[in-house]
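To start, the structure under review is shown below, and the notes come after it.
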Amino acid sequence: MFENEIALNQLQMKQFETIMADLPEETLFMPGQGHGHPPAWILGHLAIVGEMGQTFLGGKLTHTFWVQAFGPGSTDEVQPDEGLKRDSLIAAVLSAYETLRSLASQASPADLEKPHGIELFDGTPVQTVGHAVALLLTSHFGFHLAQLSSCRRDLGQGYLF
């Protein structure tokens, strides 16, 4: 299950690491031009949403205190904090998606057919746990990856891909 989505997420993770190599610590709280999200918010959001995806498949939230700051519906007004360092945020993203991919690869068809219960997707074609996990592994991650890439380009870096 999720063979394609896992492969795409693994590719996106390589892109993520390349992009993050060019975003230094001092840029974490600088809003990106166009979208307005600072890299710290994007990283925290990706991490907590990856962990939230794990809960559909028997996993747990590791950073429960990040739900309000970075979860769905949060603002991007994140302030510098000792706990929000570049390396720890990157590690949280990498860990969240490594675990999500692992859980997704072991998920049963019965679990994936259950309704996800995400209010944001009410009335959309995204109706099951399987749909939600596929979205998190692919388009949601890719959307925010593009925002991080934009922050990188704001620093004058050339295109990567």
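The values are calculated or read from the model by the stated rules, or taken from the named source; none is laboratory data. What you see is a predicted model, and the numbers here were worked out from it, not measured in a lab. Reconstructed Cβ throughout: ideal geometry from the backbone, glycine too, with neighbour counts over all protein chains shown. Surface accessibility is based on the protein's heavy atoms, side chains included, excluding ligands, DNA and RNA. Shrake-Rupley method; radii C 1.70, N 1.55, O 1.52, S 1.80 Å.
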message: Anything in the range 24-72 that is part of a helix (DSSP H, G or I) and within 16 Å of E98 (Cβ to Cβ)? List them, or say none.
response: L43, L46, A47, I48, V49, G50, E51, M52, G53, Q54, T55
statement: Of those in the range 114-123 that are in a loop (DSSP other than H, G, I, E, B) and either out of contact with any strand residue (DSSP E or B) (no Cβ under 9 Å at 6 or more places or on another chain) or open to solvent by 60 Å² or more (accessible area, probe 1.4 Å) (or both), the residue modelled with the highest pLDDT is K114
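Out of V93, V78, V126, report the one residue that is among the β-branched types (V, I, T), in a loop (DSSP other than H, G, I, E, B) and either in contact with a Leu (Cβ under 6 Å, 6 or more places away or on another chain) or modelled with pLDDT of 95 or more (or both).
V126
For every residue, the table says whether it meets (1) open to solvent by less than 20 Å² (accessible area, probe 1.4 Å); (2) farther than 19 Å from L23 by Cβ; (3) within 15 Å of the chain's Cα centre (by Cα).
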residue: H45; (1), (2), (3): yes, no, yes
residue: K60; (1), (2), (3): no, yes, no
residue: P72; (1), (2), (3): no, yes, yes
residue: L89; (1), (2), (3): yes, no, yes
residue: A92; (1), (2), (3): yes, no, yes
residue: S95; (1), (2), (3): no, no, yes
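For Q54, state whether it is exposed (fewer than 13 other Cβ atoms within 10 Å of the Cβ), at pLDDT 95 or above and within 22 Å of Q12 (Cα to Cα).
When the stated conditions are applied, Q54 does not pass them.
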- request: Answer with yes or no whether D111 is over 25 Å from L148 (Cα atoms), exposed (fewer than 13 other Cβ atoms within 10 Å of the Cβ), over 20 Å from the mean Cα position of the chain (by Cα) and of a type in the set (D, E, K, R).
  value: no
